[in-house]
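Each reported figure results from applying straightforward, stated rules to the coordinates on display, with no laboratory input. Just so we're clear, the structure is a prediction, and the values are computed from it rather than from any experiment. With ideal geometry, Cβ positions are generated from the backbone for all residues, glycine too; neighbour counts draw on all protein chains shown.
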Amino acid sequence: AATGALRIVTDSADGIRVTARAPGKVNLTLAVGDLAADGYHPIATTFMALDLYEDVEATEAEELSLEYLPGPFDTSRLDTGETNLAIRAARLLAEQTGHPANVALRITKRVPIAGGMGGGSADAAATLVACDALWRTHLTREDLCALAAKLGSDVPFALHGGVAVGTGRGDDLTCALVEGRFEWVLRFSAEGMSTPQTYGALDRHRLTFAEQLGPTPNPEVPEAVLTALRNSDVRLLAECLVNDLQAPALRARPELAEALEFGETHGALAGIVSGSGPTLAFLAEDAAAAAALDRALRAEGHHTLRTRGPVPGALFT
Ligand code: C5P
């Protein structure tokens, strides 16, 4: 992934400041294996980074702190303490490099909160990049990626960006070739969903219907999705969208099934639950189709946003 030019701002009131951003994502495909002994599921997924960014400002300070700046989403219920992924990212980088964790973080959130789009992971990725520059710790991209994987399964992809196949927990990345840009319309929910709960619901369903379902296949990325991306074939891509977490998300939130149906009958080539939900991602044929679908969803009272992908991963702004 490309890295932008580093701009360090020296401001007499604030000290030295570095800004970075990282994108949210949608999983084009997500195959989930059976729960492993470590509490995680082996997965095979295709990530696409979207032009929906988390902005992180890192300023020299006496101690570690975090605040959210006003943005499109209500951040008032987000924890800004030690469990926050951005705080954990700064702490981890400090520990690994021996640098004191003296940074004031200010984040503008533009990725839906607890929406299955990797917003928290993007905060962590942008924080790693910003603090590494601010503290002049100069880690390699590879070292940053190893730290990212310790923070969460989706954090390495927020660093990487573009389109990538993720295996293991989703943190073992292989770059995928992609031609062109794809147009998406996102449909938000007011209430987020918990990732472990959605995975847990899938496990319970598999257990209950073990006899009918048979053994869970090894998670794989279908070859067709890579062909579609390589050839900029949006219609083939639409046929490839698949997510094993979609069924448990729809069972927990039946209104999502209705919204999916509405989008698919109002101009979307296909719709999918993004990651562990509840955000819905609709793929459109082109910008005009995306605009029309966006209008139709809004007219029904849905909260939406148009976005495009792929875009690069975490970089300086
Ligand atoms: O890695 P991350 O902290 O984002 O994962 C959050 C939770 O999601 C995990 O604790 C686990 O319950 C679930 N998860 C999983 N298998 C994965 C990734 C996440 O079960 N591959």
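The charge dipole of the chain, taken about its Cα centre with unit charges on the Cβ atoms of Lys, Arg (+1), Asp and Glu (-1) only, comes to about 300 debye.
When you count the other C-beta atoms within 10 angstrom of each residue and take the mean per peptide, 41-48, 212-219, 270-277 line up highest first as 270-277, 41-48, 212-219. Ranked for footprinting exposure by Cβ neighbours inside 10 Å, fewest first, K25, K109, K150 give K150, K109, K25.
Can you work out the PRE-style zone for L177? Point 7 Å along Cα to Cβ, and I want the residues of the range 214-253 with backbone N under 12 Å. Residues 226-232 qualify, since their backbone N sits under 12 Å from the label point.
Hydrodynamic estimate: the Kirkwood radius of the chain over Cα pairs, inserted into Stokes-Einstein at 37 °C and 0.692 mPa s, corresponds to D of 165 µm²/s.
For the pair T317 and E67, the difference between a 0.36 nm per residue extended length and the Cα-Cα distance amounts to 88.1 nm.
The distance from the alpha carbon centre of the range 189-256 to that of the range 122-152 is 30 Å, rounded to a whole number. When peptides 244-251, 296-303 are ranked by their average number of other Cβ atoms within 10 Å per residue, the highest-first order is 244-251, 296-303.
Computed on the range 8-176, the Cα convex hull volume stands at 119 Å³ per residue. Spacing of the modelled spin labels on T83 and R136, each 7 Å from Cα toward Cβ, amounts to 3.8 nm. Label sites at R106 and E223, each approximated as a point 7 angstrom past Cα along Cα to Cβ, lie 5.3 nm apart.
Here r is the Cβ-Cβ distance between D286 and F209 and R0 is 45 Å; the resulting FRET efficiency, rounded to 0.05, is 0.65. Here the extension length gained between A146 and R308 equals 55.5 nm, from 0.36 nm per residue of separation less the Cα-Cα distance. Spin-label pair T75-E239: with each label point 7 Å from Cα along the Cα-Cβ axis, the two points sit 4.3 nm from one another.
Can you give the net charge of the other residues whose Cβ lies under 11 Å from the Cβ of C145, counting K and R as +1 and D and E as -1? So the surrounding residues net to -2. Can you check what the net charge comes to around E95, using other residues whose Cβ is under 12 Å from the Cβ of E95 (Lys, Arg +1; Asp, Glu -1)? Around E95, the surrounding residues sum to +3.
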